[in-house]
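Everything on this sheet refers to the single structure shown next.
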Amino acid sequence: MTSAPVLALRGVSKRFGAVQALTDVELEVHAGEVVALVGDNGAGKSTLVKTIAGVHPIDEGAIEWEGREVHINRPQDAQHLGVATVYQDLALCDNLDVVNNLFLGRELRRRGVLDEVAMEQKSRELLDTLSIRIPSVRIPIASLSGGQRQVVAIARSLIGEPKVVILDEPTAALGVEQTAQVLDLVERLRERGLGVILISHNMADVRAVADTVAVLRLGKNNGTFPVQETTQETIIAAITGATENAVTRRAARTAEAAK
Amino acid sequence: MSNDTKTQASAPTSAVDPRLLQRESGLQGYLNEFKRKIRGGDLGSLPVVVGLLVIWAVFSFNDSKYFAATTGTFVAYYMVGVGLLSLGLVFVLLLGEIDLSVGAVSGLAAAFFAVLSVNHGMNPWLAVVLTLVGGALIGALQGWIFAKIGVPAFVVTLAGFLGWQGVMLWLLGSTGTINLPDSGLNHFLSGNSFFLGGDISGGYILALLAVASMAVSSLLEQRRRRSAGVPFRPTSEIVLRSALLAVGAFGAAFVLNQDRGVPNDLVLFLALLIIADFVLRRTSYGRKIFAVGGNIEASRRAGISVSAIRISVYAISGAFAALGGLAIASTTSAAGQAGADPNNLMMAIAAAVIGGTSLFGGRGRVWSALLGMLVISSIQAGLYMLGLNLDIQYMIMGVVLLAAVVVDSLSRRTQKSSGRA
Ligand SMILES: Nc1ncnc2c1ncn2[C@@H]1O[C@H](COP(=O)(O)OP(=O)(O)OP(=O)(O)O)[C@@H](O)[C@H]1O
Ligand SMILES: [Mg+2]
């Protein structure tokens, strides 16, 4: 991977009042690369995603797109660049049906009027490729199960022609079959030459599809590893803090208790 | 549905859940689906249509004169002005917000128009345009304060409710009332000018147009959907819907023809309803309004400019309020202090809610303004005929509004428990 990364974060920082959620974070995603972003709860993974997606503009640092510095201040900015995001909290409109949610903000039109037929057709095709069972593409999102909503949110990110797809814990609510489908999908995205950022707590999933693992710890980079040459223990050590792991922490606790 | 079987054959796991109760084809399937919707709390227009029939039955039982020729005209006469306020409010309610200023804005608009056209002798058409633009600007200002500064809409428009009424009184000055000539646009909006000069064919032509355009557009859509392989409405359902519309439209034309015909202001109101319905359901702007009413954060992340939607919706509400104010002033032939009657505001909100637009946002249709106003003015006509005092009238209207809100809240609860909201 010698070409310039399609997306790169340079020294990005983000504060929420008293919380320093991100400090000097670096991240690179190349075309055709799957980067897994891992870290403990509250490490700042979702915050990082939201800065790229324009939900929370960055405080310091720079975002580079295909080698050029860009400013992402609003979700529209990220969309125009070609970033598609599946948020951890999904962000769907409960009162709209599946088709309307899939095409929200980028509706298909025919002579200036919404083209419901084409949208419905495309929605069915898309959902069929994801092998998800949904009662009907015309029922409100409110009547779907958590996993069905998650697949709708994932399908949503594939509409339009994104160059980078960000998936924030996309398989958290999914069953075995659907998880496998999503992992297949991630591989298909890579084959199509897209950059993918995948956030997951599941090491097996990460090792199955990712090329690179970037570790966040307490809002800072804590190592970037090529998956092939790295053991799971190394990654977990980086997630929990290189010098401390579950074993050392238990030891510390017993030592403390003994005092 | 042929498409479902096709996908089932091609993919091992189909997109369609076999547990889902598929709608059977034909009329029977339509009826079953209808029953399921009702049980799921998706009441649609059912409560208001039933309510309307009950109201008519009760009043005509009490006094056979209720079905006299003039009642229809009376209903149409009072429906349009407040109905226009209500139509603008539907947009605001879809966002899950409220606009308390529409009554005051309508009074101010009438006064503004009267000052321009009567006191300053301005061309009435120019004065109308300025009035409507003024209404939209007032709405946009309120929307801007709400969207950009973050003051709750309730408070902003409450301030507007007081403030614009003050501006209206200041404009009207010491005289307090400016009489409007019964000519031109004022005559058109007064409820005393009739479609095709009140010719008996006028109402039937309109009814025929409505039914034919609905049937044709439904059939065209059915054909497009069928050829695209997505589920479509069965012909029996289209026939049933068109027949129901025909009963309503020709019935209304018949009733109005008993007296003097279809008032032109009612024709204008219906035309605006059709346009507003089209904008809300068929354009991406309308889709964005529903989206913001459903989930603000999701809309923002989908790239929708929430502030722009909010400001524009309040501008729409202000423009409809101004037009409604002109209609109300035209029916009384004067712009006066009563123009900003707070009752108009209450009636407009009540009409939208009675007609089935939710106070919680994201659910509703513009037709609720029409249906709700039909209910309200039918009750008013009846109470007026029975010679009941204002005290009783207010109590009854209060109960009707409360009933509508209770239905809204209950159906929302049922929808939640049956997974539809
Ligand atoms: N909108 C916000 N306002 C204030 N603080 C926030 C906000 N969003 C996130 N934070 C804080 O930023 C930190 C990082 O949160 P973030 O959601 O990015 O964690 P995460 O790595 O995604 O965790 P998880 O694995 O649980 O999803 C947390 O301490 C959180 O409290
Ligand atoms: Mg997270």
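The values are calculated or read from the model by the stated rules, or taken from the named source; none is laboratory data. As the structure is a prediction and not an experimental result, all values here were calculated from the model. Note: ideal-geometry Cβ built from the backbone for every residue, glycine included; neighbour counts use all protein chains shown.
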Checklist entry - Residues in region A:191-210: is at least one at pLDDT 90 or above, surrounded by 20 or more Cβ atoms within 10 Å (Cβ to Cβ), within 16 Å of ligand 2 (Cβ to nearest atom) and assigned to a loop (DSSP other than H, G, I, E, B)? => result yes
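For (1) more than 16 Å from ligand 1 (Cβ to nearest atom); (2) farther than 27 Å from A:Glu66 by Cα, each residue gets a yes or a no:
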{"residue": "A:Arg106", "(1), (2)": "yes, no"}
{"residue": "A:Gly112", "(1), (2)": "yes, yes"}
{"residue": "A:Ser143", "(1), (2)": "yes, yes"}
{"residue": "A:Gly146", "(1), (2)": "no, yes"}
{"residue": "A:Gly160", "(1), (2)": "yes, no"}
{"residue": "A:Arg188", "(1), (2)": "yes, no"}
{"residue": "A:Ile197", "(1), (2)": "no, no"}
Item to check | Residue list for region A:1-20, filter: within 16 Å of ligand 1 (Cβ to nearest atom) and closer than 28 Å to A:Ala204 by Cβ | outcome: A:Leu9
Checklist entry - If you go through region A:102-119, how many residues are in a helix (DSSP H, G or I) and more than 7 Å from chain B (Cβ to nearest Cβ)? => result 4
Checklist outcome for this item: Within region A:25-58, residues being within 15 Å of ligand 1 (Cβ to nearest atom) and among the charged types (D, E, K, R) number 3
Checklist entry - Which members of region A:155-190 meet the condition of being under 14 Å from the mean Cα position of the chain (by Cα), within 16 Å of ligand 2 (Cβ to nearest atom) and over 21 Å from A:Leu9 (Cβ atoms)? => result A:Thr171, A:Ala172
Item to check | Residue ID - farthest from A:Leu96 (Cα to Cα), chosen from residues in region A:126-145 that are part of a loop (DSSP other than H, G, I, E, B) and more than 7 Å from every other protein chain (Cβ to nearest Cβ) | outcome: A:Leu130
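Which residues, taken from region B:197-218, are surrounded by fewer than 16 Cβ atoms within 10 Å (Cβ to Cβ), in a helix (DSSP H, G or I) and more than 14 Å from chain A (Cβ to nearest Cβ)?
Start the filter on region B:197-218 by keeping residues that are surrounded by fewer than 16 Cβ atoms within 10 Å (Cβ to Cβ), which leaves B:197, B:199-201, B:205, B:208-209, B:212-213, B:216-217.
If we keep only those that are in a helix (DSSP H, G or I) as well, we get B:197, B:200-201, B:205, B:208-209, B:212-213, B:216-217.
Across region B:197-218, the qualifying residues are B:Gly197, B:Ile200, B:Ser201, B:Ile205, B:Leu208, B:Leu209, B:Ala212, B:Ser213, B:Val216.
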Item to check | Residue within region B:397-420 that is within 20 Å of B:Phe59 (Cα to Cα) and of a type in the set (Asp, Glu) present | outcome: no
Next on the checklist: Name the residue that is surrounded by the fewest Cβ atoms within 10 Å (Cβ to Cβ), counting only residues in region B:296-345 that are touching a residue at least 40 places away in the same chain (Cβ under 8 Å) and in a loop (DSSP other than H, G, I, E, B).
Outcome noted: B:Ser333
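Those residues that are among the small types (Gly, Ala, Ser) and part of a helix (DSSP H, G or I), I need them from region B:155-183; list them, please.
Initially, region B:155-183 is screened for residues among the small types (Gly, Ala, Ser), giving B:159-160, B:163, B:166, B:173-174, B:176, B:183.
Within region B:155-183, B:Ala159, B:Gly160, B:Gly163, B:Gly166 meet the criteria.
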Next on the checklist: Given (1) within 14 Å of chain A (Cβ to nearest Cβ); (2) within 19 Å of B:Gly361 (Cβ to Cβ); (3) over 18 Å from the mean Cα position of the chain (by Cα), identify the lone condition not met by B:Phe232.
Outcome noted: (2)
Next on the checklist: Restricting to region B:219-238, name every residue that is under 23 Å from B:Ala271 (Cα atoms) and surrounded by fewer than 17 Cβ atoms within 10 Å (Cβ to Cβ).
Outcome noted: B:Leu219, B:Leu220, B:Glu221
Checklist entry - Condition test on A:Lys122, is it within 16 Å of ligand 2 (Cβ to nearest atom), part of a helix (DSSP H, G or I), under 20 Å from A:Leu158 (Cα atoms) and within 11 Å of chain B (Cβ to nearest Cβ)? => result no
Next on the checklist: Take the conditions in a loop (DSSP other than H, G, I, E, B) and either outside the structural domain of B:Trp164 (by TED's automatic domain parsing) or touching a helix residue (DSSP H, G or I) at 6+ places or on another chain (Cβ under 9 Å) (or both) and apply them to B:Ile275. Does it pass?
Outcome noted: no
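Taking region A:162-178, which residues are more than 14 Å from every other protein chain (Cβ to nearest Cβ), more than 16 Å from ligand 1 (Cβ to nearest atom) and surrounded by fewer than 20 Cβ atoms within 10 Å (Cβ to Cβ)?
Once the filter is applied, which keeps residues that are more than 14 Å from every other protein chain (Cβ to nearest Cβ), more than 16 Å from ligand 1 (Cβ to nearest atom) and surrounded by fewer than 20 Cβ atoms within 10 Å (Cβ to Cβ), region A:162-178 yields only A:Lys163.
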